[in-house]
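Notes to accompany the following structure.
The values are calculated or read from the model by the stated rules, or taken from the named source; none is laboratory data. Remember, predicted model here, so these are calculated numbers, not experimental data. So basically every Cβ, Gly included, is an ideal-geometry build from the backbone, and we count neighbours across all protein chains shown.
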């Protein structure tokens, strides 16, 4: 991605976060039938907090987020940051909470993918077909 495209992507992401916060998720609180949360996590290199809107699944009192990047060949930056974090902050609509972060191991990831992700949002199966990587899953548990 060239520098102009990166700046435009960052600006679009910033606008999405601003709208979500300003409207408590009335705007940007879902993509189709998938609810969206705001995830704030420290950058793995800079330590500076970054906030991104991410689709999620509620599961057993936790929140499941999927590092699909639309089937891109690499994990999204926010997921790379989660891999280094033990905690993060989320906002779901007007509710905000701190969460512990755990990356699902291979066996748990496969169960979550099969039993939670694909049945609730079948489009993720298409992302899996587009990429050679195993799409990772993180479990966010309220602190």
Practice problem: For residue 94, work out the one condition from (1) under 13 Å from the mean Cα position of the chain (by Cα); (2) more than 23 Å from residue 134 (Cα to Cα) it doesn't fulfil. | Solution: (1)
Exercise. Exactly one condition in (1) closer than 15 Å to residue 136 by Cβ; (2) surrounded by 13 or more Cβ atoms within 10 Å (Cβ to Cβ); (3) in contact (Cβ under 8 Å) with a residue 24 or more places away in the chain is not met by residue 110; state its number.
Key: (3)
Quiz item: Restricting attention to segment 39-48, and to residues there that are touching a strand residue (DSSP E or B) at 6+ places or on another chain (Cβ under 8 Å) and more than 25 Å from residue 119 (Cβ to Cβ), which single residue is surrounded by the fewest Cβ atoms within 10 Å (Cβ to Cβ)?
Solution: 48
Practice problem: Could you tell me whether residue 60 is modelled with pLDDT of 95 or more, surrounded by fewer than 19 Cβ atoms within 10 Å (Cβ to Cβ) and on the phi > 0 side of the Ramachandran plot? | Solution: yes
Practice problem: Residues that are under 16 Å from residue 124 (Cβ atoms) and touching a residue at least 24 places away in the same chain (Cβ under 8 Å): find the strands (runs of 3 or more DSSP E) completely inside segment 36-94 holding 1 or more of those. | Solution: 49-55, 57-59, 62-66
Exercise. Out of 10, 22, 26, report the one residue that is over 13 Å from the mean Cα position of the chain (by Cα) and either surrounded by 14 or more Cβ atoms within 10 Å (Cβ to Cβ) or part of a loop (DSSP other than H, G, I, E, B) (or both).
Key: 26
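Conditions (1) in contact with a strand residue (DSSP E or B) (Cβ under 7 Å, 6 or more places away or on another chain); (2) under 25 Å from residue 19 (Cβ atoms); (3) at pLDDT below 95, marked per residue:
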{"residue": "64", "(1), (2), (3)": "yes, yes, no"}
{"residue": "82", "(1), (2), (3)": "yes, yes, no"}
{"residue": "107", "(1), (2), (3)": "no, no, no"}
{"residue": "136", "(1), (2), (3)": "yes, no, no"}
{"residue": "139", "(1), (2), (3)": "yes, no, no"}
{"residue": "142", "(1), (2), (3)": "yes, yes, no"}
Practice problem: Inspect all residues belonging to segment 93-102 and state whether any of them is touching a strand residue (DSSP E or B) at 6+ places or on another chain (Cβ under 8 Å), surrounded by 20 or more Cβ atoms within 10 Å (Cβ to Cβ) and under 21 Å from residue 11 (Cα atoms). | Solution: no
